[in-house]
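*Asks:* Can you read through this structure? Questions will come right after.
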Amino acid sequence: MRTVTLGVSSVEDTKRRAAAAFRGEEVGEFISFGNVELLWRVLTVKRWDILRAMTGQGSMAIREVARRVARDVKAVHGDVQALLSAGVLDREENGQVIFPYDAVHVDFTLTRAA
């Protein structure tokens with residue numbers, strides 16, 4: 001099963017993980033955001049619905065994604081573009097989109113305000 005971890009990570013932590021991967025260490029698959037606000041700005045409730053519908057399902061046309069989430073194709077297209085821009089979804093050569101993971105783990109720590 002292919003699992004991706006979505007989380008908040010500093011540039012230093014991301015570089016450390018990349019260096020470990022280059023050394024051949026198993027680090028897993030990550031999609032990192034600079035802060036929790038950015039994570040929530042990109043991963044809205046409706047975009048979470050898209051990820052849920054696409055997890056473990058292979059590539060599909062945007063029209064099929066819209067059908068699965070019971071939403072307008074134009075609105076889903078906008079959300080898919082945002083997820084593509086953020087590096088959460090990938091576009092295949094045939095134009096379809098894919099979320100190539102079977103599971104999602106979300107990881108960040110909430111601390112008190114400064």
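*Asks:* Pairs of alpha-carbon atoms within less than 8 angstrom and 6+ residues apart define the contacts here; what relative contact order does the chain have, in percent?
*Replies:* Once normalised by length, the contact order is 36 percent.
*Asks:* Sort the stretch 8-55 into rounded, prolate or oblate with this rule: let a ≥ b ≥ c be the square roots of the eigenvalues of the Cα gyration tensor; rounded if a/c is under 1.5, and if a/c is not under 1.5, prolate when a/b is larger than b/c, oblate otherwise.
*Replies:* Note, shape of the stretch 8-55 comes out oblate.
*Asks:* Under a 1.4 angstrom probe, counting protein chains only, how are ASP107, ASP79, ASP49 ranked by accessible area, largest first?
*Replies:* If we order ASP107, ASP79, ASP49 from most to least accessible, we get ASP107, ASP49, ASP79.
*Asks:* Treating the beta-carbon of each Lys and Arg as +1 and of each Asp and Glu as -1, no other charges, what is the dipole magnitude of the stretch 1-87 about its Cα centre, to the nearest 20 debye?
*Replies:* Using only the charged Cβ atoms, the result is roughly 300 debye.
*Asks:* Per residue, how much accessible surface does the chain expose to a 1.4 Å probe? Answer in Å², no decimals.
*Replies:* 64
*Asks:* So, one more: Once both axes come from the Cα atoms, what is the angle between helix 11-22 and the longest principal axis of the chain, in degrees from 0 to 90, rounded to 10?
*Replies:* Helix 11-22 and the main axis of the chain meet at about 90 degrees.
*Asks:* Ok, one more. Per-residue accessible area for TRP40 at 1.4 Å probe radius, Å² rounded to 10?
*Replies:* For TRP40, solvent-accessible area is about 120 Å².
*Asks:* Also, I was wondering about something else. Can you give the calculated 222 nm mean residue ellipticity of the chain, where each DSSP H run of n ≥ 4 adds -39,500 (n - 2.57) and the sum is split over every residue, rounded to the nearest 500 deg cm²/dmol?
*Replies:* Calculated mean residue ellipticity at 222 nm is -13000 deg cm²/dmol.
*Asks:* On to the next question. Work from the charge dipole of the stretch 69-114 (Cβ charges, +1 for Lys and Arg, -1 for Asp and Glu, about the Cα centre) and give the residue of GLY87, VAL97, THR109 farthest towards its positive end.
*Replies:* Going by the charge dipole, the pick is THR109.
*Asks:* Could you work out what % of the accessible surface of the chain is carbon and sulfur, using a 1.4 angstrom probe and leaving DNA, RNA and ligands out of the count?
*Replies:* 51
*Asks:* Where in the stretch 1-86 are there GluC sites (Glu not before Pro) that are in a DSSP coil and have at most 11 other Cβ atoms within 10 angstrom of their Cβ?
*Replies:* Here the GluC sites (Glu not before Pro) that fit, given the DSSP loop and packing criteria, are GLU25, GLU26.
*Asks:* Highest first, please rank the peptides 83-94, 13-24 by the mean number of other Cβ atoms sitting within 10 Å of their residues.
*Replies:* The peptides rank, most packed first, as 83-94, 13-24.
*Asks:* Which one, GLY56, GLY28, VAL42, is farthest towards the positive end of the dipole of the chain when Lys and Arg carry +1 and Asp and Glu -1 on their Cβ?
*Replies:* After comparing all options, I get VAL42.
*Asks:* Would you mind pulling out the separation of the Cα centroids of the stretch 49-114 and the stretch 8-40, in Å?
*Replies:* If we compute the Cα centre of each part, the gap is 20 Å.
*Asks:* For the chain, what's the radius of gyration and Dmax over Cα atoms, in angstrom?
*Replies:* 15.2, 48
The values are calculated or read from the model by the stated rules, or taken from the named source; none is laboratory data. Bear in mind that the values here come from a model prediction, so they are computed numbers and not experimental data. In this analysis, Cβ positions are derived from the backbone assuming ideal geometry, glycine residues included, and neighbour counts consider all displayed protein chains. Just the protein is used for accessible areas: all its heavy atoms, side chains included, with ligands, DNA and RNA removed. Shrake-Rupley method; radii C 1.70, N 1.55, O 1.52, S 1.80 Å.
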